[in-house]
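Structure record follows, encoded as structure tokens.
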Amino acid sequence: MSEKRGSWLSRLKAGLNLTSASLGNGISSVFARGRLDDKALEELEELLILGDLGAATAADLTETIAKERFGRDVSEVEVRTALANEIAVILEPVAKPLLIERSAKPHVVLVAGVNGTGKTTTVGKLASQFRADDLTVMLAAADTFRAAAVDQLKIWGERSGSPVVVRDGAGGDPASLAYDALVRARAEDIDVLLIDTAGRLQNKANLMAELQKIDRVVKKLDERAPHTRLLVLDATTGQNAHSQVEIFREAVDIDGLIVTKLDGTAKGGVLVALAQRFGLPVFALGVGEAVEDLRPFEAQEFARALMNLNN
Ligand SMILES: Nc1nc2c(ncn2[C@@H]2O[C@H](COP(=O)(O)OP(=O)(O)O)[C@@H](O)[C@H]2O)c(=O)[nH]1
Ligand SMILES: [Mg+2]
């Protein structure tokens, strides 16, 4: 157990440390002089922006640090610890698990996101985790345009012991597939229906229209569905994640995020900026390709890893 925990945590840290190593080095050079003066604060703010925390968050954090410590002699660890604490305060409210309403039968999760962010992988990991919690799961392959996408989901279905609803033959309407899947999930008394969607259609307008259509048709069967509209973001895209949230939010009412590929990216700081800007729940983090690499999001732990502090 602790072995496993160690390995994913170190992978998460290894990823974040690409950020925090550069942040860390920067912070040590800023504080080589020891005194927290205007110049040090300016450099600190710059570093936080470079670490993908975003201009607004960087300004807020720097101001907070300045308030208590301006003109004082400070150590690097003191600053890192103070930053980690402030970052944890920002992250705490968004660190929320994806809760399944057991009475929903099924609880419908619509999974959206740009191509390649890790939607299908995340659906597979979630399916396995829900199965481990003794929930019955069904998967809907609403990315009907690519045969490979359907095959990929089928593998996750087999791995997790979850039936996969697919269209016969290539193509087909994703919304009607989602509808059929919900009919079947209800008939079979399934606890969770995960709808995997396409991230790329002919164009953005089509993609958004398609998502809206899925959102609409499942409501015909259950007005509270989808119970969770999940947006999957790839941490390696850094600041680009902001525009993805904006675009998808225009289409459907996103309930929360899963941020993937935090193993091996220098852009983990973007999560702090996203939390500050949108306040959307972060249900979990992806730190690798295997089932156990979908981890709960823990604010304190993440903030300390980002600041290269030992947990
Ligand atoms: N390193 C890493 N790779 C991931 C993670 N999540 C997904 N991937 C990989 O990213 C690629 C695209 O994932 P996929 O689920 O097909 O994305 P989709 O197009 O959004 O469905 C695949 O090679 C996955 O194995 C993660 O958390 N870490
Ligand atoms: Mg996919």
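All of the numbers you see were taken from the coordinates with simple rules; none came from a lab. Fair warning: this is a prediction, and the values are worked out from it, not measured in the lab. Ideal geometry is used to build each Cβ from the backbone, glycine not excepted, and the neighbour counts take in all protein chains shown.
Quick check: the angle from helix 147-160's long axis to the longest principal axis of the chain, C-alpha only, nearest 10 degrees?
80 degrees
Would the chain count as rounded, prolate or oblate if I go by the C-alpha gyration tensor, calling it rounded below 1.5 in a/c and otherwise prolate when a/b exceeds b/c, oblate otherwise?
prolate
Measuring from label point to label point, each 7 Å out along Cα→Cβ, what is the LYS105 to GLU46 span in nm?
For LYS105 paired with GLU46, the spin-label model returns 6.2 nm.
Only Cα pairs under 8 Å and at least 6 apart count here; give the relative contact order of the chain as a rounded whole percent.
Answer for the chain is 29 percent.
Please report the relative contact order for region 212-272, taking Cα pairs under 8 Å with a sequence separation of at least 6, and give it as a percent rounded to a whole number.
39 percent
Give the residue from ALA82, ALA175, VAL114 lying farthest towards the positive end of the charge dipole for the chain; charges sit on Cβ (+1 for Lys and Arg, -1 for Asp and Glu) and the dipole is referred to the Cα centre.
Of ALA82, ALA175, VAL114, it is ALA175.
What angle, in degrees between 0 and 90 and rounded to the nearest 10, separates the Cα long axis of helix 119-132 from the longest principal axis of the Cα atoms of the chain?
Its long axis makes an angle of about 80 degrees.
Which lysines have a Cα lying under 21 Å from the Cα of LYS220, excluding residues fewer than 8 positions away in the same chain?
LYS105
Give a quick list of trypsin sites (Lys or Arg not before Pro) in region 214-301 that DSSP marks as loop, anything other than H, G, I, E or B, with at most 16 other Cβ atoms within 10 Å.
Taking region 214-301 and a limit of 16 other Cβ atoms within 10 Å, the loop trypsin sites (Lys or Arg not before Pro) found are ARG224.
Within the chain, what's the longest stretch lacking GluC sites (Glu not before Pro) that sit in DSSP loops with no more than 15 other Cβ atoms inside 10 Å?
Segment 1-100 is the longest.
Rounded to the nearest 20 debye, what is the charge dipole size of the chain about its Cα centre when +1 sits on each Lys and Arg Cβ and -1 on each Asp and Glu Cβ?
460 debye
For GLU188 and ARG167 in one chain, what is 0.36 nm times their gap in residues minus the Cα-Cα distance, to one decimal in nm?
Going from the current span to full extension adds 5.7 nm.
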